[in-house]
Structures are given as C-alpha cells and as structure tokens.
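> The structure's right below; bear with me while I get my questions together.
The values are calculated or read from the model by the stated rules, or taken from the named source; none is laboratory data. Here the structure is a predicted model, which is why all the values come from computation and not from measurement. All Cβ positions, even for glycine, are placed from backbone atoms using ideal geometry, and neighbour counts span all protein chains on display. These accessible areas exclude ligands, DNA and RNA; they are computed on the full protein's heavy atoms, side chains included. Shrake-Rupley method; radii C 1.70, N 1.55, O 1.52, S 1.80 Å.
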Amino acid sequence: MEKFFRRNFFNTLPGPRGLHLIGTKSHRGVENLGLFSSVVHIGATPPLLGFIMRPLTVPRQTYHHMKAQGFFTLNTVDETILEAAHQSSANYPLETSEFKAVGLTPEYSELVPAPYVQESKVKIGLELVEEHHIKANGTLFLIGKIVEIMLPDEVIAESGHVAHQELGTLSVAGLDTYYKTEEVGKLGYPRP
C-alpha cells in the first residue's frame, strides 16, 4: 500500500475512538498539549487509564514531561475546542506552549501539577504509575492512576454512567475525521 493510504486505512479501521488532549508541563515551565485517541480504561479499583505513545524515535514532549513531572491530565474534546485540539498536533518547537499557540487556557489544581484545559468539560488528573514497551512496533503503553476528576455533576447518572452525549464529547477515526457521540441504548448486565 502507498504510505499515506496505509496510514489512513489502518488508523480508521477500528472505528471511532475517544479523543483527549493530554496536558503536561516541562521542567522549564512550558505547558504542553498533545491530542491522543488511544486512551483506554484499565480498571476501577484503583482507577487506572492507559494510552499508547508512539515510538521514541524522535523527541516526544508529552512523554518527557510526564517522566520528569510524574503527572498528566486528560481533557475531553467537544466541538467548541475541536479546531484548537486538532491544531495542537502540529510540531511546535520545544519552547512553544501549545496552549498559547492554539488559544486554549491552562488551568491548575492543588493536586495535579500538570495543566488542565480550562475549556474542556471533563478533566482528569493522573499520576504516571507504569510504562510498558511494546516490542512489536516500539510504542509505549503508559498507565496513569486517577488522582482527581472535574466534570459537571448533572451529567453523572445515579448508576454512575457519564452522559457523554450531553457533554458533546467527540471521537475520532484516524488522525483527522471526527464524530459526535450519541447514545443508542443501554442494555442490562448480561447473564447466562
């Protein structure tokens, strides 16, 4: 397959995935953003999330900041910040804050020293707890323990479900094709 066809085909083949801006901060105080679509739930007790980091064949600001600081944030993307989120994937120089470059606002809490995206409706602060090298392609699987969560109370159902359709949370297939979230139904817990 031609290089770009192959990239697009295999990136979109699994279908739409969650879309998150990961916020980090360098040891020099430069605020960094990266757009990721590989975030997965690892477990609820303790609450863990993981994501895939591309190979370290070139400098990866997000990775190096996470390793130095030990913390990062996950921030959901909706239509109001989609263009800025997409633009954050551009290859900015190390000394450039993606927050400033794309027009998003950093926000901090007392528990997590990494920046949140103020405009995001779901903000999750995590501490980096594990790193696994995937030998098949040189990627890394990074796992974070959830330290704090910020989201509107009214989108949390009595059952604990988060109503992403009410938040306007977007998903992505590949690197550039975005989708809206819509609930099609909720089924009971399957039993034999």
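> Assigned to a loop (DSSP other than H, G, I, E, B), more than 23 Å from I52 (Cα to Cα), touching a His at 6+ places or on another chain (Cβ under 9 Å) and at pLDDT below 95: does that describe E95?
no
> Being touching a helix residue (DSSP H, G or I) at 6+ places or on another chain (Cβ under 6 Å), of a type in the set (A, V, I, L, M, F, W, C) and over 21 Å from I149 (Cα atoms) is the filter here, so list the residues in the stretch 77-113 that pass it.
Correct list: A84, V102.
> OK, next. Hey, among E154, E158, which residue is open to solvent by 60 Å² or more (accessible area, probe 1.4 Å) and not in a loop (DSSP other than H, G, I, E, B)?
From the options E154, E158, the qualifying one is E154.
Table: residues versus (1) at pLDDT 95 or above; (2) surrounded by fewer than 17 Cβ atoms within 10 Å (Cβ to Cβ); (3) among the aromatic types (F, W, Y).
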residue	(1), (2), (3)
N8	no, no, no
T12	no, yes, no
G23	yes, no, no
H64	no, yes, no
G70	yes, yes, no
D78	yes, no, no
A90	no, yes, no
T105	yes, yes, no
P115	yes, no, no
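> Hey, among the residues in the stretch 117-142 that are farther than 25 Å from G168 by Cβ and assigned to a loop (DSSP other than H, G, I, E, B), which one's most open to solvent (accessible area, probe 1.4 Å)?
K135
> Can you name the condition, by its number, that G29 falls short on among (1) in contact (Cβ under 8 Å) with a residue 12 or more places away in the chain; (2) small (G, A, S); (3) outside any strand (DSSP E or B)?
Result: G29 fails condition (1) only.
> What are the pairs with Cβ atoms under 6 angstrom where one residue, in the stretch 178-189, is under 27 Å from T80 (Cα atoms) and the other, located anywhere, is not in a loop (DSSP other than H, G, I, E, B)? Sequence gap at least six, or different chains.
Correct list of pairs: Y178/L170; Y178/V172; Y179/S171; T181/H164; T181/Q165; E182/Q165; E183/Q165.
> Is there any pair linking a residue in the stretch 147-162 that is more than 16 Å from E183 (Cβ to Cβ) and of a type outside the set (V, I, T) to one that is open to solvent by 50 Å² or more (accessible area, probe 1.4 Å) and assigned to a strand (DSSP E or B), with Cβ under 9 Å and at least six apart or on different chains, and which?
Partner pairs satisfying both residue conditions: M150/E107; L151/V162.
> Out of the residues in the stretch 161-186 that are β-branched (V, I, T) and surrounded by 14 or more Cβ atoms within 10 Å (Cβ to Cβ), state the one that is nearest to K121 (Cα to Cα).
The extreme case among them is T169.
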